[in-house]
Amino acid sequence: MKFEESVWNSLLSIVKNTLISAIGYSRHLSLGKVGNLLLLATSFQLSRIIKKPIMWGKPTTLSIEPTTSCNLRCPECPSGLRAFSRPTGMLDEQLFDRIIQQSKRSLTWLHLYFQGEPFLHPNFSKLVSLAHREGIFTSTSTNAHYLDEKRTEEILSSGLSQLIVSMDGISQEIYQQYRIGGNLEKVQQGLHLLLAKRKERNQLFPRVVLQFLVTGQNEHQIPDLKAWAEAMDVDELQLKTTQIYDYEHGSELIPTDTRYARYIPTGDGKWKLKKKLENKCWRMWQGAVVTWDGRVVPCCFDKDAKHVMGNLRSQKLETIWKSEVYDQFRSQLLADRSQIEICKNCTE
Ligand code: SF4
């Protein structure tokens with residue numbers, strides 16, 4: 001195939017997949033949800049101008065954690081390192097149902113993932129189905145070690161809108177350097193099975209996103225990865241930058257190609273964030289993250305739940321969302337984001 005022809009085919013495929021995803025997302029919208037989004041955007045912009053938090057809307061996105069358990073041992077993940085100070089457990093289905101009932105009129109995106117491997121939840125597909133029945137766009141992230149015949153059938157029947165598969169290497173040797181304990185063959189077989197069954201069933205969803213966390217150890221595999229993803233016919237390939245906890249003194253996980261890094265060298269042997277920290281954060285105005293035991297935390301950077309805004313076991317989502325604690329957090333962000341530990345290492 002000529003070079004121009006292959007570029008043209010890639011472009012066509014990107015346009016087609018973007019269109020399908022956009023149509024899938026918009027099918028879950030309603031006038032109320034769009035109106036709420038406008039209220040959130042207006043509150044955010046006004047808050048930035050007057051430097052005081054205003055909140056007129058309700059969360060348009062939520063990330064809910066099915067479980068903190070994980071089968072792998074990834075080095076930059078507290079779940080993998082078993083380093084949480086918070087307890088490990090499974091999301092209770094009744095609690096999940098209550099959260100969905102409270103948020104379904106405003107929610108445009110539900111990410112069923114925070115820490116841990118979602119497919120370890122015994123009723124994961126049931127959780128997806130419940131949210132799907134309530135008209136919510138659902139997404140999840142997996143290390144794809146559990147995509148067997150039964151799970152694949154269940155997930156295809158659940159109404160899941162998007163499945164993100166993490167695969168950070170194209171050979172077992174490189175893959176296992178970050179995904180410690182992982183089996184690349186299993187991931188690739190699972191992905192292949194899911195895509196084949198989706199085709200067999202004539203389904204367009206879930207859209208399958210292959211996510212590659214670029215590190216110094218795997219960046220040389222990007223060309224091979226692109227060729228593999230094209231041959232597999234995944235819907236989208238995402239090259240994601242890696243968050244490093246202790247980045248100031250450098251790390252072998254930081255890629256040499258700084259296009260794929262969140263950090264750049266300062267010139268004196270140290271490293272700093274590539275992006276300038278600004279005293280704003282749209283995430284604080286659009287959605288929240290919920291741990292398996294109902295705690296509401298500001299965002300996915302608060303992995304160990306250090307900034308708990310409230311608990312959905314005993315409080316309503318709207319009460320927490322508009323609470324004094326949340327307001328104080330948003331105020332601090334607008335005043336000086338560098339004073340919040342989790343925000344210092346964030347590229348938002
Ligand atoms: S870490 Fe701070 S700045 Fe980053 S998304 Fe979370 S709240 Fe926003």
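Tabulated results
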read-out	value
Of residues in the range 251-265 being among the hydrophobic types (A, V, I, L, M, F, W, C) and in contact with a Gly (Cβ under 8 Å, 6 or more places away or on another chain), the one modelled with the highest pLDDT	I254
Pick from the range 130-161, criterion closer than 20 Å to L210 by Cα and hydrophobic (A, V, I, L, M, F, W, C), ranking: surrounded by the fewest Cβ atoms within 10 Å (Cβ to Cβ)	L156
The range 287-300, residues that are within 16 Å of the ligand (Cβ to nearest atom) and surrounded by fewer than 21 Cβ atoms within 10 Å (Cβ to Cβ)	R295, C299, C300
Test: residue in the range 335-343 that is away from the ligand (no atom under 16 Å from the Cβ) and open to solvent by less than 60 Å² (accessible area, probe 1.4 Å)	no
Residues being buried (at least 21 other Cβ atoms within 10 Å of the Cβ) and either within 16 Å of the chain's Cα centre (by Cα) or hydroxyl-bearing (S, T, Y) (or both) - total across the range 304-314	0
For I264: the one exception among (1) β-branched (V, I, T); (2) more than 10 Å from the ligand (Cβ to nearest atom); (3) within 18 Å of P87 (Cα to Cα)	(3)
When residues of the range 111-129 are limited to those that are surrounded by 21 or more Cβ atoms within 10 Å (Cβ to Cβ) and among the aliphatic types (A, V, I, L, M), the one farthest from T140 (Cα to Cα)	L127
Selected residue (only one of E230, E248 is closer than 25 Å to N9 by Cα, modelled with pLDDT under 95 and more than 22 Å from the chain's Cα centre (by Cα))	E230
Selected residue (only one of K52, K33, K16 is within 30 Å of D327 (Cα to Cα) and open to solvent by 60 Å² or more (accessible area, probe 1.4 Å))	K52
Check on S63, outside any loop (DSSP other than H, G, I, E, B), under 21 Å from W321 (Cα atoms), within 22 Å of the chain's Cα centre (by Cα) and touching a residue at least 24 places away in the same chain (Cβ under 8 Å)	yes
Hits in the range 196-218 - residues which are surrounded by fewer than 17 Cβ atoms within 10 Å (Cβ to Cβ), in a helix (DSSP H, G or I) and touching a residue at least 24 places away in the same chain (Cβ under 8 Å)	K197
Boolean, K303 is among the basic types (K, R), within 16 Å of the ligand (Cβ to nearest atom) and in contact (Cβ under 8 Å) with a residue 40 or more places away in the chain	yes
Some residue of the range 67-86 being modelled with pLDDT of 95 or more and of a type outside the set (D, E)	yes
Selection count, the range 82-110, where residues are of a type outside the set (D, E, K, R), closer than 18 Å to S69 by Cβ and either open to solvent by 30 Å² or more (accessible area, probe 1.4 Å) or touching a strand residue (DSSP E or B) at 6+ places or on another chain (Cβ under 8 Å) (or both)	9
Residues (acidic (D, E), touching a residue at least 40 places away in the same chain (Cβ under 8 Å) and in contact with a helix residue (DSSP H, G or I) (Cβ under 8 Å, 6 or more places away or on another chain)) located in the range 109-164	D148, E149, E153
Selection count, the range 236-286, where residues are of a type in the set (A, V, I, L, M, F, W, C), surrounded by 14 or more Cβ atoms within 10 Å (Cβ to Cβ) and under 17 Å from R337 (Cβ atoms)	5
Test: L317 is open to solvent by less than 50 Å² (accessible area, probe 1.4 Å), within 15 Å of the ligand (Cβ to nearest atom) and either over 30 Å from L11 (Cα atoms) or of a type outside the set (F, W, Y) (or both)	no
Answer from V187, V165 - the residue that is under 17 Å from L237 (Cα atoms) and touching a His at 6+ places or on another chain (Cβ under 9 Å)	V187
Residue tally, condition of a type outside the set (A, V, I, L, M, F, W, C) and closer than 17 Å to G57 by Cβ, over the range 286-343	11
Of all residues making up the range 82-103, the number that are assigned to a helix (DSSP H, G or I) and acidic (D, E)	2
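The values are calculated or read from the model by the stated rules, or taken from the named source; none is laboratory data. Computed from a predicted model, the values in this text were never measured in an experiment. We place every Cβ from the backbone using ideal geometry, glycine too, and count neighbours over all the protein chains shown. Note: accessible area is taken over every heavy atom of the protein model, side chains too, but ligands, DNA and RNA are not part of it. Shrake-Rupley method; radii C 1.70, N 1.55, O 1.52, S 1.80 Å.
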